[in-house]
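Reading through the structure tokens given below for one structure.
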Amino acid sequence: MNNEWLRVSRYNPCRICHKPDWCGYSETAACCMRVKSDSPARNGGWIHRLSDPIPDYHRPPPRDDVLRPCFYTLWRVWRDKTDPGLLDEYAKALVVSEQVLNDLGAAWAPEHGAWAFPMRDSAGKIDGIRLRADSGRKWAVTGSHQGVFMSLTWPSATDIALICEGPTDTAAAMSIGFMAIGRPSCLGCERHISDIIKLVAVRRVVIVADNDGPGLAGANKLAGQLKVPWKIIVPPTKDLRAWVRMGATKALVECVINQMLWRNI
């Protein structure tokens with residue numbers, strides 16, 4: 001086994017919290033989404049070296065008085081109260097289009113002090129909300145299910161869609177003229193992606209992997225589950241948004257895409 005990141009499962013649960021979902025692992029480390037460490041990860045979890053003592057984790061007891069929220073209603077309240085000027089400032093800070101952020105449903109969540117992005121299930125229903133603070137910290141509203149980030153309006157029979165990591169990379173792709181779908185991290189939501197591209201009639205898919213080992217491993221795992229022709233590209237920068245910040249245009253990205261062959265497993 002090498003140092004690529006893999007997804008935990010029922011048969012190979014997280015070494016830290018012992019749960020079968022959300023977390024990841026490599027040969028030497030675990031990325032736990034529940035147990036904190038001194039090494040926060042970009043996906044909102046925490047890195048634990050497997051050579052260190054494994055911390056105790058006690059799952060909080062269930063509370064019967066806490067109901068899973070209606071995420072659509074919660075997001076709608078935040079959305080309706082979001083100041084357009086604040087959204088414009090956020091778009092400028094990210095170097096993406098304000099209209100694109102609006103299309104993705106970005107809303108300010110004042111009680112969390114963070115931007116909220118709706119996550120959709122395989123049928124396109126809002127089933128969770130990702131939160132992103134200006135500091136870069138990422139987490140989700142309690143009770144959220146992982147889902148995809150996509151435009152509130154989508155044209156029918158799209159020829160090519162880019163699959164990106166996270167809402168801001170998705171916004172970057174859309175800002176330069178691509179149709180794009182985002183997933184919360186480099187791993188997970190493979191079934192959601194497959195169902196969504198069928199739902200909105202996407203004919204071909206380009207997976208944009210972050211320029212690191214976990215990003216490429218996650219892209220290959222997703223590609224293996226797609227039923228349409230696909231390509232994988234890796235930006236010459238940390239991720240797609242950084243590439244767009246440096247001046248990448250749709251024509252440049254298409255040039256990179258055109259150098260790859262379509263594949264269909």
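Quick notes on this structure:
- Residue match in the range 136-155 (condition: crowded, with 24+ Cβ neighbours inside 10 Å, touching a Ser or Thr at 6+ places or on another chain (Cβ under 6 Å) and touching a residue at least 60 places away in the same chain (Cβ under 8 Å)): no
- The residues listed here are Trp115, Trp154, Trp139; of these, the one that is part of a loop (DSSP other than H, G, I, E, B) and either within 17 Å of Cys23 (Cα to Cα) or of a type outside the set (Gly, Ala, Ser) (or both) is Trp154.
- Residue in the range 204-211 that is outside any helix (DSSP H, G or I), under 12 Å from the mean Cα position of the chain (by Cα), assigned by TED's automatic domain parsing to the domain that holds Met119 and modelled with pLDDT of 95 or more present: yes
- When the range 83-122 is filtered for residues that are of a type in the set (Gly, Ala, Ser) and crowded, with 19+ Cβ neighbours inside 10 Å, the ones remaining, listed by number, are Ala91, Gly105, Ala106, Ala107, Ala109, Ala114, Ala116.
- Residue ID - farthest from Met174 (Cα to Cα), chosen from residues in the range 227-258 that are of a type in the set (Val, Ile, Thr) and free of Cβ contacts under 8 Å to residues at least 40 places away in the same chain: Val228
- Whichever residue in the range 170-186 is assigned to a helix (DSSP H, G or I) and of a type in the set (Gly, Ala, Ser) and, among such residues, is farthest from the chain's Cα centre (by Cα): Ser175
- Residue pairs meeting the criteria (Cβ under 8 Å; at least 6 apart or on separate chains; first touching a residue at least 60 places away in the same chain (Cβ under 8 Å), in the range 210-226; second basic (Lys, Arg) and outside any helix (DSSP H, G or I)): Lys221/Arg7
- Any hit, the range 187-198, residues being among the polar types (S, T, N, Q) and assigned to a helix (DSSP H, G or I): yes
- Selection count where residues are at positive phi and small (Gly, Ala, Ser), scope the range 1-58: 1
- Helices (runs of 4 or more DSSP H) fully within the range 212-265 counting 3 or more residues that are farther than 25 Å from Ile196 by Cβ: 250-258
- Of residues in the range 13-48 being among the small types (Gly, Ala, Ser) and either part of a loop (DSSP other than H, G, I, E, B) or surrounded by fewer than 22 Cβ atoms within 10 Å (Cβ to Cβ) (or both), the one modelled with the lowest pLDDT: Gly44
- Number of the exception - Pro167 against (1) part of a loop (DSSP other than H, G, I, E, B); (2) surrounded by 18 or more Cβ atoms within 10 Å (Cβ to Cβ): (1)
The values are calculated or read from the model by the stated rules, or taken from the named source; none is laboratory data. No experiment lies behind these values; they were computed from the predicted model shown. Note: ideal-geometry Cβ built from the backbone for every residue, glycine included; neighbour counts use all protein chains shown.
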